[in-house]
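To start, the structure itself, in structure tokens.
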Amino acid sequence: MKLGVLTGGGDCPGLNAVIRAVVRKSMQFGYEIIGIREGWRGLLENKYTPLDRDSVSGILHRGGTILGTSRTNVYKEKDGEARVIKSLKENNIDALVAIGGEDTLGVAAKLFKAGVKVVGVPKTIDNDLNATDYTFGFDTAVNIATEAIDRLHTTAESHNRVIVVEVMGRHAGWIAVHSGMAGGADIILIPEVPFNFEEVCDTLIKRHSRGKNFSIVVISEGAKLQTENTQDPDGSFILSSLNKDSFGHVKLGGIGNILAEEIEKRTGFETRATVLGYLQRGGSPSAYDRVLATRFGVFASELVEKQQWGYMASLKGNDIVAVSLADATGQLKVVDKDLYEVASTFFG
Ligand code: F6P
């Protein structure tokens, strides 16, 4: 068996831990393992690198991905599917482990339908992939955001300021809710629950009137303003650029600054914004993510050994189980209403 491994989409702490686990477990099965560089692009452009025990030594704790990554969408490239199948054949690659989120695994699900032997591993700091309780990378991102909120608390308090913290989360507010709860945020705004400036400002004014002269507001980059227009789901997103990536996603960013300006204008409270951005994605994975990524990688290799093509490693409770790629990519996993309700108990 010659097994190809690729990492696609945005990078994420724990990718190297998965690669290491896939290689080490697959070596026990006697496979030859080949790394495919820069996600699906590597298959279209024949970018390969052999993987063995030495090449994955010392990478468990390292952020990023030794294979590189891209947001290349096979199905947006001319003859993409046929070219991938040809490339696999020409390089004698029997099967693939695709490590990615909704986009990368969506491509894997389509390739599986076209006859490619592929299994998946769920990755994204956003934790919005369906059919798994958690993705690896999320815990690290939440820890980074929580530490940032703790630090922003002390400066907000010293200066009697409102600080708006913008965290990642395009369609789902998991990072905002978890870091906001852990960091004791006074308001948490997420894509699932459109907000308006009046309510946010009312909450801050009431808090002020109780003698609390500082506040922390956590907002997901994909949080939306309430609008009349419910037809266009991207209509009220705040964009940092109009360009779309090859999966059709617009580039978000800037809602935190806009909210901070509105708060200051409407309340008179001195307000600042901090955008955490790529800090949430870079650097070493947490211990939890290293363990989860390792378990996912070993399980993916076992799926290959059992020839369970079209399946993905998934965390359900404390167990790693197999779920179909179709189930994992059919829809996004958004924040649970009950969890947001618990978080909102502490607003104001
Ligand atoms: O990995 C997911 C994510 O972090 C989203 O929250 C964010 O919108 C996106 O990646 C931005 O990534 P990039 O700028 O690399 O496309």
Which of 338, 245, 289 fluctuates most in a GNM of the chain (C-alpha springs under 10 Å)? That residue is 338
Lys and Arg at +1, Asp and Glu at -1: neighbours of residue 183 with Cβ under 12 Å from its Cβ sum to -2
For the stretch 139-282, the dipole about the Cα centre with charges only on Cβ (Lys and Arg +1, Asp and Glu -1), to the nearest 20 debye, works out at 260 debye
For the chain, the dipole about the Cα centre with charges only on Cβ (Lys and Arg +1, Asp and Glu -1), to the nearest 20 debye, works out at 940 debye
Among beta bridges assigned by DSSP with both residues in the chain, the antiparallel ones amount in percent, to the nearest 5, to 30 percent
Of 143, 16, 160, the most mobile residue in a GNM of the chain (C-alpha springs, cutoff 10 Å) is 160
Cα pairs beyond 27 Å in the stretch 139-282, in percent, come to 18 percent
For the stretch 125-211, the Cα gyration tensor yields equivalent-ellipsoid semi-axes (√(5λ), largest first, whole Å) of 26, 16, 8
On the accessible surface of the chain, probed at 1.4 Å with all protein chains in place, carbon and sulfur together account for a percent value of 48 percent
Excluding residues fewer than 8 positions from residue 206 in its own chain, the lysines with Cα under 26 Å of it are 224, 265, 337
Going through 25/76; 78/123; 113/244; 113/306; 78/244 one by one, the pairs whose alpha carbons sit over 23 Å apart turn out to be 25/76; 78/123; 113/244
Within the stretch 13-169, the percent of DSSP beta bridges that are antiparallel, given to the nearest 5, stands at 40 percent
GNM on the chain, Cα springs under 10 Å; top mean-square fluctuation among 268, 169, 63 goes to 268
Magnitude of the Cβ-charge dipole (Lys and Arg +1, Asp and Glu -1) of the stretch 290-348 about the Cα centre, nearest 20 debye, reported as 140 debye
Correct response: the longest run of the chain lacking exposed trypsin sites (Lys or Arg not before Pro), defined by DSSP loop and at most 14 other Cβ within 10 Å, is 79-209
Among 159, 149, 98, the residue whose Cα sits farthest towards the positive end of the charge dipole of the chain, when +1 is placed on the Cβ of each Lys and Arg and -1 on the Cβ of each Asp and Glu, is 98
tail above 38 Å in the computed P(r) of the chain, as % of all Cα-Cα pairs, reads 21 percent
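The values are calculated or read from the model by the stated rules, or taken from the named source; none is laboratory data. Here the structure is a predicted model, which is why all the values come from computation and not from measurement. Cβ coordinates were reconstructed from backbone atoms using ideal geometry, including for glycine residues, and neighbour counts include every protein chain displayed. Heads up: the accessible areas ignore ligands, DNA and RNA and are worked out on the full protein's heavy atoms, side chains in. Shrake-Rupley method; radii C 1.70, N 1.55, O 1.52, S 1.80 Å.
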